[in-house]
Amino acid sequence: MSSSVPPIGVFWDIENCSVPRWKSALSIVQAIRDSLFADHREVEFMCVCDTSKENKDIIQELNAAQV
């Protein structure tokens, strides 16, 4: 990908905007990437949460999505 493609980063505060029970974190990450990164290059995708309080499946999905 060319460096002329504008960079974009996502900062997700998952405690204030959580993953709905009927969705997977992977599907949310993919939807964000599909909608925001079409004409941009991803330079950062960060999710902030208290890992001791967050559902372990969600943490695993975020890690698998490289978030």
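When Rg and Dmax are taken over the Cα atoms of the chain, they come to 12.8, 40 Å.
Over the chain, average the accessible area per residue using a 1.4 Å probe and give it in Å², no decimals.
Heavy-atom accessible area per residue stands at 72 Å².
Solvent-accessible area assigned to carbon and sulfur over the chain amounts to 51 percent, based on a 1.4 Å probe.
Which trypsin sites (Lys or Arg not before Pro) in segment 15-67 pass both tests, a DSSP loop state and at most 12 other beta-carbon atoms within 10 Å?
Working: sites: 21, 23, 33, 41, 53, 56; in loops: 21, 23, 53.
Passing sites in segment 15-67 are 21, 23, 53.
Placing unit charges on the Cβ atoms only, positive for Lys and Arg and negative for Asp and Glu, gives the chain a dipole magnitude near 140 debye about its Cα centre. Using C-alpha pairs under 8 Å with a sequence gap of at least 6, the mean separation divided by the residue count of the chain gives a relative contact order of 49 percent. Taking θ as phi - 60° and the Karplus parameters 6.51, -1.76 and 1.60, the scalar couplings of segment 25-30 work out to 4, 4, 5, 5, 4, 5 Hz in sequence order, x denoting glycine and proline. 3J(HN,Hα) couplings calculated from phi for segment 31-42 with the Karplus curve 6.51 cos²θ - 1.76 cosθ + 1.60 (θ = phi - 60°) are, in sequence order, 5, 5, 4, 5, 8, 9, 9, 4, 10, 9, 9, 6 Hz; Gly and Pro show x. If R0 is taken as 25 Å, the Cβ-Cβ distance between residue 50 and residue 8 corresponds to a FRET efficiency of 0.45.
Remark on residue 41: its backbone amide H falls under 5 Å from those of 8, a criterion applied only to residues 5 or more positions apart or on other chains, H modelled at 1.01 Å from N.
The values are calculated or read from the model by the stated rules, or taken from the named source; none is laboratory data. The shown structure was predicted, so the numbers you read here are calculated from the model rather than taken from an experiment. Because the Cβ atoms are built from the backbone with ideal geometry, glycine has one as well, and the counts that use them run over all protein chains shown. When the accessible area is computed, the model is the full protein with side chains, heavy atoms only, and any ligands, DNA or RNA have been set aside. Shrake-Rupley method; radii C 1.70, N 1.55, O 1.52, S 1.80 Å.
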